[in-house]
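Accompanying notes for the structure given below.
The values are calculated or read from the model by the stated rules, or taken from the named source; none is laboratory data. All of these numbers come straight from a predicted model, not from anything done at the bench. Note: ideal-geometry Cβ built from the backbone for every residue, glycine included; neighbour counts use all protein chains shown.
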Protein chains: 2
Amino acid sequence: MPQTAQVVGFIGLGVMGKPMAQNLIKGGHSLRVHSRSRGPVDELVAAGATAADSPADVARHASIVITMVPDTPDVELVLAGPDGVLSTLRSGSVVIDMSSISPVATRRLSSMVASKGATMLDAPVSGGEIGAKSGSLSIMVGGDEAAFARVRPVLACMGNPERIIYIGESGAGQICKICNQMAIGGALVSVSEAFALARKVGVDPARVRQALLGGFAASRVLEVHGERMLTGNYVPGFRTKLYQKDLRIANEFASTHAVAIPATAVMTQLVNALMAAGGAELDYAALGTVLFGMSGVGDGS
Amino acid sequence: MPQTAQVVGFIGLGVMGKPMAQNLIKGGHSLRVHSRSRGPVDELVAAGATAADSPADVARHASIVITMVPDTPDVELVLAGPDGVLSTLRSGSVVIDMSSISPVATRRLSSMVASKGATMLDAPVSGGEIGAKSGSLSIMVGGDEAAFARVRPVLACMGNPERIIYIGESGAGQICKICNQMAIGGALVSVSEAFALARKVGVDPARVRQALLGGFAASRVLEVHGERMLTGNYVPGFRTKLYQKDLRIANEFASTHAVAIPATAVMTQLVNALMAAGGAELDYAALGTVLFGMSGVGDGS
């Protein structure tokens, strides 16, 4: 395994962050880690990482600092809060925020990082827990292209090299992630509606799925989430409350720029309805349950 | 090539019907054809088919009668109108309606066919002109399963054998086609919205498409129609006015059965807006032009 002299800092060892950090260790990197809960920190230390007391303590020792936390305020706190990354960030370092957050906040934070003589990349991911574990995430990168080239080998420990795509200037990675969540949502809601209709009139959604997978309606959503809808298996996966957060960012950003996204708006309301029905912790493939009942499209109830 | 004794009747030699009929001839079938315009009839006759004066004249000589016409009233006219198929249909024959029409009308027509001692299958297709020409259509079949088994070799001349799927009783093929058009539409509208947003804020939709194709947002729509959006190439393909017809059927059918299809409803309004903007004859991938301007998402205007 390749060994690198540089220390990689990793902040946020949740469902996604922990396996991503583990893959960095497997890739031969020296890791300095921090997370709110102690459990995953201990796991990473057992695997060879060094524990840090705070984000500041991570940044003091690392030339690359990766953040992977749930939402915009979390990134703001980790970077700009007390004992935050910015308080100790070394000139020439690269901060890679792999969380999915507001592109507007990303640009603001990027300026703050730049004021320390460092560089911030936004590099949100797609592929979920499975992709995080297998190191096959898609990574959408915004920010300085030279910094991207420099950290690309680090990203390649976590993502499929062919799916690590430079999108554009600061925030462009987050904008691409918004587009990703919108495209998934449109497929998800329309498959949900189609299955709800089929089920209501006594047509087997499993056969519908089979037929549709062979044609122009084929999608990863129909394949994977369509299967979840048939079996009623909504164990996450990707939690609805996090998807709702992504859609909130999408709607806010589109409104800011006066872009009409009517289908995304409808989808957002269905996600809100699912949250209201108690589905916040279910996989977001449960979207259709507000249309066809909570017990799954395939059970005939 | 295999030769069969039975005569296959084919009514409706349009953009889809003509290549489908040609593939039946290539498959060794004796064809008796009828269409409103003379040109394609002459082409088929030159290829070995026999011309019929009317739908009745087709049905008089055929044990299998295929109809491929634009809309519900067209099928009603061809089957139940003056000189229609029902006036001469032989007992034991199978009528295969491959048009995309109302499932409710399909069931009514199926009863009328049954009253003649014959059987009607609904067998709408997906795959467009390209699939029709290459004989690789997806075919979604509703109606009597024994009759389906009998005509399956005929369908296999027009469709990919692995994608000829028996869905259920009469009308189920049409319901599956509705589901197909809904699923395509959800993907189409959300990709359109995503590209509109990216373009508005100066992010290259081509890079967004590339990134999204690697992940969970991957779909045939993103691949094929996404490419059309980037180049602004809306030469049909599948005309918007026909897609609008399919969505009309979807909305009517869902309302009849009190199934909520809010995203499909939004998509329908965007298709209506495209029609109002003069896009009826454009490929339905032009849906997004009502969001990002008629000249294409990729041209920077």
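Looking at the range B:161-211, which of its residues are more than 7 Å from every other protein chain (Cβ to nearest Cβ), among the charged types (D, E, K, R) and assigned to a helix (DSSP H, G or I)?
Those that are more than 7 Å from every other protein chain (Cβ to nearest Cβ), among the charged types (D, E, K, R) and assigned to a helix (DSSP H, G or I): B:LYS177, B:ARG199, B:ARG209.
A quick yes/no check of all residues on (1) in the same structural domain as A:PRO124 (by TED's automatic domain parsing); (2) surrounded by fewer than 21 Cβ atoms within 10 Å (Cβ to Cβ); (3) over 23 Å from the mean Cα position of the chain (by Cα):
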residue: A:LYS26; (1), (2), (3): yes, yes, no
residue: A:GLU43; (1), (2), (3): yes, yes, no
residue: A:ALA46; (1), (2), (3): yes, yes, yes
residue: A:THR50; (1), (2), (3): yes, yes, yes
residue: A:VAL69; (1), (2), (3): yes, no, no
residue: A:PRO73; (1), (2), (3): yes, yes, no
residue: A:GLU76; (1), (2), (3): yes, yes, no
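Quick one: how many residues across the range B:66-104 are of a type in the set (S, T, N, Q) and part of a helix (DSSP H, G or I)?
Within the range B:66-104, residues that are of a type in the set (S, T, N, Q) and part of a helix (DSSP H, G or I) number 2.
Looking at the range B:146-156, can you tell me whether even one residue there is within 18 Å of the chain's Cα centre (by Cα) and within 30 Å of B:THR240 (Cβ to Cβ)?
Yes, because at least one residue in the range B:146-156 is within 18 Å of the chain's Cα centre (by Cα) and within 30 Å of B:THR240 (Cβ to Cβ).
Which residue is nearest to the other protein chains (Cβ to nearest Cβ), if the candidates are limited to the range A:261-278 and must be surrounded by fewer than 17 Cβ atoms within 10 Å (Cβ to Cβ) and part of a loop (DSSP other than H, G, I, E, B)?
A:ALA277
Checking the conditions here, which among B:ARG163, B:ARG199 is crowded, with 24+ Cβ neighbours inside 10 Å and of a type in the set (Lys, Arg)?
When all the criteria are applied, what remains is B:ARG199.
Going through the range A:109-131 one residue at a time, which ones are surrounded by fewer than 17 Cβ atoms within 10 Å (Cβ to Cβ) and among the acidic types (Asp, Glu)?
A:GLU129
Just to verify a result, which residue in the range B:132-160, among those that are among the polar types (S, T, N, Q) and surrounded by 17 or more Cβ atoms within 10 Å (Cβ to Cβ), is nearest to the other protein chains (Cβ to nearest Cβ)?
Among residues in the range B:132-160 that are among the polar types (S, T, N, Q) and surrounded by 17 or more Cβ atoms within 10 Å (Cβ to Cβ), the one nearest to the other protein chains (Cβ to nearest Cβ) is B:SER138.
Could you tell me which residue of the range A:218-233 is nearest to the other protein chains (Cβ to nearest Cβ), considering only residues that are under 24 Å from A:GLY14 (Cβ atoms) and surrounded by fewer than 23 Cβ atoms within 10 Å (Cβ to Cβ)?
A:ARG220
Results for (1) surrounded by 24 or more Cβ atoms within 10 Å (Cβ to Cβ); (2) closer than 29 Å to A:GLN244 by Cβ; (3) in the same structural domain as A:ASP144 (by TED's automatic domain parsing), shown as yes or no for each residue.
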| site | (1), (2), (3) |
| --- | --- |
| A:GLY39 | no, yes, yes |
| A:SER54 | no, no, yes |
| A:ALA62 | yes, no, yes |
| A:GLY81 | no, yes, yes |
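Is it true that B:GLY12 is assigned by TED's automatic domain parsing to the domain that holds B:GLU129 and either more than 24 Å from the chain's Cα centre (by Cα) or farther than 22 Å from B:VAL125 by Cβ (or both)?
no
Got at least one residue in the range A:236-245 being within 13 Å of chain B (Cβ to nearest Cβ) and over 22 Å from the mean Cα position of the chain (by Cα)?
Scanning the range A:236-245, I find no residue that is within 13 Å of chain B (Cβ to nearest Cβ) and over 22 Å from the mean Cα position of the chain (by Cα), so the answer is no.
Does B:GLY48 satisfy the criteria of being over 19 Å from B:GLN6 (Cα atoms) and in contact (Cβ under 8 Å) with a residue 12 or more places away in the chain?
no
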